[in-house]
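Notes to accompany the following structure.
Please treat every number below as a calculation from the coordinates, not as lab data. All figures in this text were calculated on a predicted structure; none of them were measured in a lab. Glycine gets a Cβ as well: all are built from the backbone with ideal geometry, and neighbour counts include every protein chain shown.
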Amino acid sequence: MRRLVVRFTLSHLVVSVVGGAVTFAVVWLLAPAIFDAQLGLGANRSPDAGGPGPGYGQSLRATFASAVTTSLVVGTLTGAVVAAVSGLVLARTLARPLTRIGRAVSEMAQGRYHHRVPVPRGRELASLAGDVNALGSALAGTEERRLRLLGEVAHEMRTPLTVIDGYVEAFIDGVLPPEPEQLELVSTEVRRLRRLSDDLSALSRAEEHRFTLAPTRVDLDGLAADVVDRLRSQAEDAEISLSCTPGAGSAVADPDRTVQVLTNLVGNAIRATPRGGRISILGSRVDGRAELAVVDTGVGLSAADLVRVFERFYRVPGREVASDGSGIGLTVSRAYMEAMGGSLVAESAGPGAGSTFTMVFPDPAARY
């Protein structure tokens with residue numbers, strides 16, 4: 001009774017039987033009266049009048065009623081059989097694509113995400129099959145990213161671990177003396193591993209929204225000026241001009257997360273900008289929303305890079321820019337901005353034309 005085919009078949013059968021029963025009752029009640037009216041056998045006329053013999057009209061009426069009853073019974077039973085057979089055929093036709101969809105979902109549940117469902121002709125079922133196929137593609141992409149993430153994490157850890165292992169073995173064998181200069185190199189690699197661990201932890205919290213926000217009204221121009229003052233020496237060492245132009249005013253945001261995102265954007269811009277370049281933080285307000293744009297004259301981004309620049313561990317291919325980052329700073333930054341109700345947008349006219357990363361804060365009037 002729980003199978004869809006059986007339920008569809010029984011529904012057709014029930015509809016057929018109910019329809020036949022109603023037809024039988026209506027005809028059984030109306031046919032004799034109509035028959036009498038057609039033959040003129042009313043209440044003011046004898047049933048025998050106009051007939052060839054006594055009781056002819058009554059006999060004819062009984063014969064007609066019996067024939068109609070028999071015909072209705074046979075027709076109802078025939079209709080029920082035809083309805084059951086046709087219902088079974090139609091139910092199987094309808095259930096077949098549903099069975100395929102169910103099999104595909106089971107395959108995906110077992111990790112075989114590339115299994116696809118043939119798209120049936122019906123619009124609704126075709127839409128359902130398309131959604132299942134889209135789900136499979138999304139899950140396959142997620143699994144590929146997960147495996148790539150594991151590989152990239154292993155790759156990021158391999159270099160510092162190799163360096164540390166090499167120095168430790170050298171210390172043990174007496175090839176290198178454990179002097180401060182050598183230990184400082186080991187300490188640098190340890191800090192690199194710790195930074196990678198912290199970045200991965202931040203990425204996990206950001207993507208799962210397991211971090212706390214303390215939104216308050218903050219002066220974005222003041223925060224931007226503080227970031228510029230803090231990173232100015234780093235920019236000067238790289239012979240890059242770093243400036244700030246106010247205009248964003250205030251917004252409701254978490255000040256610590258805002259400073260973290262802005263610091264990351266400026267740090268990336270310093271690494272991507274050659275000597276003699278310029279980096280500017282431009283504040284503005286657009287349609288009631290505050291914006292902070294980090295504009296640089298660096299190496300720029302292609303259209304393909306703009307699509308992928310926020311992916312975990314993604315680095316622009318062929319970019320000859322020294323970077324000791326983990327490659328997930330932009331991923332975390334965008335997650336923070338979205339958690340605050342805003343967004344982080346990347347723009348670039350192309351390679352060699354610089355880049356612009358814009359922090360867009362929500363309109364306080366729209367949220368509060």
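The slack between I172 and E124, meaning 0.36 nm per residue of separation minus the straight C-alpha distance, is 10.2 nm.
Evaluate E = 1/(1 + (r/R0)^6) for Q110 and R195, where r is the Cβ-Cβ distance and R0 equals 25 Å; express this FRET efficiency to the nearest 0.05. It comes to 0.10. Per-residue Karplus couplings for the range 154-167, computed as 6.51 cos²θ - 1.76 cosθ + 1.60 with θ equal to phi - 60°, are listed in order as 4, 5, 5, 7, 5, 4, x, 5, 5, 5, 4, 4, x, 5 Hz, Gly and Pro entered as x. A Förster radius of 30 Å combined with the Cβ-Cβ distance from V22 to S66 puts the calculated FRET efficiency at roughly 0.90.
Each of the peptides 269-277, 158-166 was scored by the mean count of other Cβ atoms within 10 Å over its residues; in descending order, highest first, they stand as 269-277, 158-166. Indicate the gyration tensor shape class of the range 139-261 (rounded, prolate or oblate), computed on the Cα atoms with a ≥ b ≥ c the square roots of the eigenvalues: a/c under 1.5 is rounded; otherwise a/b larger than b/c is prolate and the rest oblate. Since a/c reaches 1.5 but b/c is at least a/b, the shape of the range 139-261 is classed as oblate. The separation of the range 77-119 from the range 193-262, counted between C-alpha centres, amounts to 55 Å. Amide H contacts of G298: G354, S355, each under 5 Å away and 5 or more positions distant or on a separate chain (H built 1.01 Å from N in the peptide plane; Pro and chain starts excluded).
With +1 on each Lys and Arg Cβ and -1 on each Asp and Glu Cβ, and nothing else charged, work out how big the dipole of the range 216-367 is about its Cα centre, in Debye to the nearest 20. Show your work: numbers first, answer last.
Values: 15 positive and 19 negative charges, 51 e Å.
Charge dipole of the range 216-367: 240 debye, to the nearest 20.
What you get for the range 90-159, charging only the Cβ of Lys and Arg (+1) and of Asp and Glu (-1), is a dipole of about 380 debye around the Cα centre.
What order do you get for 189-198, 238-247, 118-127 when each peptide is scored by the mean count of other beta carbon atoms within 10 Å, highest first? Present the calculation step by step, with values, prior to reporting the outcome.
Numbers: 189-198: 14.4, 238-247: 16.7, 118-127: 12.7.
Per-residue mean Cβ counts within 10 Å order the peptides as 238-247, 189-198, 118-127.
With 0.36 nm allotted per residue and the present C-alpha distance subtracted, the F211-E184 stretch has 6.4 nm of extension available. Note that the range 147-201 carries a Kirkwood radius of 12.1 Å, evaluated over its alpha carbons pair by pair.
Just subtract the alpha-carbon distance of V73 and S241 from 0.36 nm times their residue separation and send over the number in nm, one decimal.
Details: separation 168, 0.36 × 168 = 60.48 nm, distance 9.71 nm.
That works out to 50.8 nm of additional length.
A crude spin-label estimate for the pair D256 and Q234, with each label 7 Å from Cα along the Cβ direction, gives 1.9 nm.
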